[in-house]
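A short write-up of the structure that comes next.
The values are calculated or read from the model by the stated rules, or taken from the named source; none is laboratory data. The structure displayed is predicted, hence computed values, not measured ones. Note that each Cβ is placed from the backbone with ideal geometry, even for glycine, and that neighbours are counted across all protein chains shown.
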Amino acid sequence: MRQPLPRLHAITDERIARRADLPDIARELAKGGGSELAFHARGRSLSGREHYELAVRLSDSQTVRLFVNDRLDVALAVPTAGVQLGRGSLPVSAARALNPLWWIGKSVHDLAEAEAARTEGADYLVVGPVFATATHPGRASLGLERLQAIASAVDGLPVIAIGGVTADRVREVRNSGAYGVAAIRALWDDVEPAEAARRMREWMS
């Protein structure tokens, strides 16, 4: 039986994946996020070995669950609670066949993609960017109204909001229908990562 889907998702990128202090930051985030925190091993330009080693390092926590983005081979090699699939990933059905107990999420950027992912059988959606973000400088932000429209259209399917989400914005994102939030810089780059995770977790609860 699966545990509930976490509400706070700390996602890595290539820069964070290669940081020497990654284990230290992860421990601090775990202190603040507790059982509501998930780590996402992600980095599109990482080699297979780098992605695997990242997942191993992030799987060290007793409380935080690990999700692997895109690389289903890595997800099979490391104890993983779920996988996050993007536009170029294998379909949901392929991931489900590998492990029916995984939480399987899809990254979507508009209402049409959200409805397609729901039809495909995704367990949850990562929707964004909700606000302007340095991670995707050329992509227009959705804004809260379109986030709310997506959350309403896929009623019952958990929506995780991503893109420019900071602790100060969590309440308005939650009030727009989001089940949870995901962040990269707002968690991994905060000078007090435990406090950042605690604040975001409490606003989502």
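Restricting segment 151-163 to residues that are in contact (Cβ under 8 Å) with a residue 12 or more places away in the chain and out of contact with any Asp or Glu (no Cβ under 8 Å at 6 or more places or on another chain) leaves a set whose member that is farthest from T133 (Cα to Cα) is S152. Residue count for segment 70-96 under the criterion of being assigned to a loop (DSSP other than H, G, I, E, B), free of Cβ contacts under 8 Å to residues at least 24 places away in the same chain and among the hydrophobic types (A, V, I, L, M, F, W, C): the result is 1. Of the conditions (1) under 23 Å from D190 (Cβ atoms); (2) more than 18 Å from the chain's Cα centre (by Cα), S59 fails just one. Which one is it? (2) is the only condition that S59 fails.
In the condition set (1) surrounded by 14 or more Cβ atoms within 10 Å (Cβ to Cβ); (2) touching a strand residue (DSSP E or B) at 6+ places or on another chain (Cβ under 8 Å); (3) part of a loop (DSSP other than H, G, I, E, B), F67 is compliant with all but (3).
Looking at segment 25-51 only, could you name the residues that are hydrophobic (A, V, I, L, M, F, W, C), within 22 Å of Q62 (Cα to Cα) and either in a loop (DSSP other than H, G, I, E, B) or touching a Ser or Thr at 6+ places or on another chain (Cβ under 8 Å) (or both)? Residues satisfying the conditions are A26, A30, L37, F39, A41. Residues of segment 96-123 that are within 17 Å of the chain's Cα centre (by Cα), more than 21 Å from R146 (Cβ to Cβ) and of a type in the set (G, A, S): none at all. Answer yes or no as to whether D13 is modelled with pLDDT of 95 or more, out of contact with any Cys (no Cβ under 8 Å at 6 or more places or on another chain) and under 23 Å from G121 (Cβ atoms). Spelling it out, it is not the case that D13 is modelled with pLDDT of 95 or more, out of contact with any Cys (no Cβ under 8 Å at 6 or more places or on another chain) and under 23 Å from G121 (Cβ atoms).
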